[in-house]
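Read-outs throughout are calculated quantities, based only on the coordinates presented, and are distinct from any laboratory measurement. These numbers were taken from a predicted model, which means no experiment stands behind them. Cβ atoms come from the backbone with ideal geometry, glycine included; neighbour counts cover every protein chain shown.
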Amino acid sequence: MISQRTIFEPEHDQFRDVVRRFMQQEIAPHTEKWREQGYVDRKAYTKTGELGYLLTWADEEYGGSGLKDIRYEQIIHEENTYHGDPAFYQNLHAMIVAPYFNKFGTEAQKQKYLPKAASGETILAIAMTEPNAGSDLAAIRTKAEDKGDHWLLNGSKTYISNGIQADVIIVAARTSIDDARSIGLMIVEEGMEGFKRGKKLKKMGLHAQDTAELFFDNVRIPKDNVLGEPSKGFRYMTQCLALERLQVSIASITAAQLAFDITLDYIKERRAFGKPLGALQHIRFTMADMRAKIDAVQCFVDQCVMLGNEDKLTADLASQAKLLATQTEGEVVDQCLQFHGGAGYMDEYRISRLYTGARVSRIFAGANEIMLEIIGRGLGLDERKMT
């Protein structure tokens with residue numbers, strides 16, 4: 001990590017020390033087992049919840065600690081990525097999905113879902129992506145029909161993180177055939193008739209993270225299981241995407257730092273032509289260049305965290321952070337693997353797993369091409385308005 005990050009106070013440093021020990025003792029030892037079985041044990045969520053590391057921002061009445069400071073969640077995310085297992089998607093659960101209930105849910109919905117999410121008893125997921133609709137939310141085909149006293153949900157989703165184990169899933173569905181942006185957020189619970197999960201999908205990396213297809217065949221959704229207004233889901237998702245992209249940025253720059261640290265140790269010990277690899281000018285200069293890039297992006301991500309604390313994080317800035325952090329992660333892990341030589345290609349080396357895990361960062365939470373589009377439009381360079 002950067003030796004002098006200025007956004008943290010002594011209480012944050014103390015919190016980090018405790019979280020780090022937890023990740024080292026309770027999460028890291030299970031990494032190999034989870035990778036082999038293809039999912040993280042549910043006990044990881046309940047143990048994390050027992051110590052108050054899930055939904056730290058939630059009010060105490062909903063099982064949280066009432067910490068309205070994103071820096072605490074940032075610390076948890078960083079320590080899990082660095083010392084735990086990045087495939088343990090506690091941040092998806094706590095900082096991407098759960099806030100939907102807090103922002104748009106009724107009091108009854110908050111009381112029903114947030115306490116068990118905070119304790120880890122309930123695992124959360126959100127289902128937006130479809131076979132023909134990824135970053136383009138307006139292309140969603142899954143639909144929900146208003147049947148008076150309930151909604152009828154039909155369709156399918158794919159590439160859903162936590163899809164196998166999730167107990168509660170927020171599903172984006174079209175609620176009007178005439179308006180592509182009329183989307184409802186339906187709360188689907190385990191055991192609902194007509195809801196089925198496909199097989200666990202095999203991925204290039206993050207093998208301990210369960211990803212699945214989901215199918216909905218005339219699933220009856222009670223009116224109480226709709227978040228907010230059933231036509232404003234597109235707007236709700238847009239509001240939450242900035243925070244989601246910030247989470248990706250935090251993980252990506254932390255992974256870049258981890259790859260750098262692993263490689264720095266390696267090139268000091270590994271010898272070639274009678275001297276340590278790090279003594280070679282090309283390697284020394286490349287490491288110096290990566291050090292400068294990581295530090296610069298980390299400072300920007302930290303600034304975005306502080307803006308998020310003030311509710312001033314814009315879609316443009318979050319997109320810039322996601323773009324820069326994930327690009328830096330990709331460049332750094334690729335170069336670091338190169339410096340490991342043949343060893344870097346072996347799965348037993350952590351740099352190999354960092355490499356395969358990093359590739360998805362430029363795809364999920366909106367592909368980086370979409371980030372460029374958002375940033376460009378923010379500059380007033382909108383094709384629709386310029387032609």
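May I ask for the longest run of the chain untouched by GluC sites (Glu not before Pro) that are loop-located per DSSP and have at most 12 neighbouring C-beta atoms (other than their own) within 10 Å?
1-192
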task = Relative to the longest principal axis of the C-alpha atoms of the chain, give the angle of the C-alpha long axis of helix 281-309, reported between 0 and 90° and rounded to the nearest 10°.
result = 30
query = Between Gly120, Leu153, Pro276, whose Cα lies farthest towards the positive end of the dipole of the chain when Lys and Arg beta carbons carry +1 and Asp and Glu beta carbons carry -1, centred on the Cα centre?
reply = Pro276
inquiry  = Can you give me the C-alpha center-to-center distance between the stretch 276-355 and the stretch 25-75, rounded to a whole angstrom?
reply    = 24
inquiry  = Can you return the lysines within cross-link range of Lys196? Criterion is Cα-Cα under 30 Å, with same-chain partners fewer than 8 residues away left out.
reply    = Lys33, Lys43, Lys47, Lys103, Lys110, Lys112, Lys116, Lys143, Lys147, Lys157, Lys223, Lys232
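Of all the stretches in the chain, which is the longest one without any exposed loop site, taking trypsin sites (Lys or Arg not before Pro) in a DSSP loop (any state but H, G, I, E, B) with at most 14 other Cβ atoms within 10 Å? Write out the running numbers ahead of the final one.
Values: sites that count: Arg5, Lys68, Arg141, Lys147, Lys202, Lys312.
By the stated rule (loop sites, at most 14 other Cβ atoms within 10 Å), 203-311.
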request  = Could you check which residue among Ser156, Ser176, Ser361 shows the biggest mean-square fluctuation in a GNM of the chain with a 10 Å Cα cutoff?
outcome  = Ser176
ask   = Of the residues Met23, Met186, Met346, which exhibits the maximal mean-square fluctuation in a Gaussian network model of the chain defined by a 10 Å Cα contact cut-off?
value = Met346
ask   = What nm distance separates the two modelled labels at Glu369 and Glu383, each placed 7 Å from Cα along Cα→Cβ?
value = 1.1
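Using 0.36 nm per residue of separation minus the Cα-Cα distance, give me the extension gain between Glu190 and Cys299 in nm, one decimal.
Details: separation 109, 0.36 × 109 = 39.24 nm, distance 4.10 nm.
Extra length from Glu190 to Cys299 when fully extended: 35.1 nm.
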request  = Would you give the gap between the C-alpha center of the stretch 129-180 and the C-alpha center of the stretch 103-123, rounded to a whole Å?
outcome  = 21
key: Whole-Å semi-axes of the stretch 222-296's equivalent ellipsoid (Cα gyration tensor)   = 48, 12, 6
note = Rounded to the nearest 10 degrees, the helix 107-119 long axis (Cα) sits at an angle to the longest Cα principal axis of the chain of 30
query = What is the calculated FRET efficiency for Ala28 to Ala343, with r their C-beta to C-beta distance and R₀ = 22 Å, to the nearest 0.05?
reply = 0.60
key: Test item: Cα-centred dipole of the chain, Lys/Arg +1 and Asp/Glu -1 on Cβ, debye   = 920
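Between Lys275 and Asp334, what's the calculated FRET efficiency when r is the beta-carbon distance and R0 is 22 Å? Round to 0.05.
Working: r = 24 Å, r/R0 = 1.11.
Between Lys275 and Asp334 the formula returns 0.35.
Stretched out fully, how many nm does the piece from Asp261 to Asp217 gain, at 0.36 nm a residue minus the Cα gap? Intermediate values should be presented prior to the final figure.
Numbers: separation 44, 0.36 × 44 = 15.84 nm, distance 4.86 nm.
Once the chain is fully extended between Asp261 and Asp217, it gains 11.0 nm.
Between rounded, prolate and oblate, where does the stretch 88-205 land on the alpha carbon gyration tensor, with a ≥ b ≥ c its root eigenvalues, rounded for a/c under 1.5, else prolate if a/b exceeds b/c? Could you put the intermediate results ahead of the total?
Details: a/c = 1.60, a/b = 1.14, b/c = 1.41.
It is oblate, given that a/c is not under 1.5 and a/b is not larger than b/c.
Please find the FRET efficiency linking Leu51 to Glu9, where r is the Cβ-Cβ separation and R0 is fixed at 22 Å, and quote it to the nearest 0.05. Before the final figure, lay out the partial values.
On the way: r = 21 Å, r/R0 = 0.93.
The calculated FRET efficiency here is 0.60.
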message = Looking at the chain as a GNM with Cα springs under 10 Å, which of Gly66, Gly163, Gly342 has the largest mean-square fluctuation?
response = Gly342
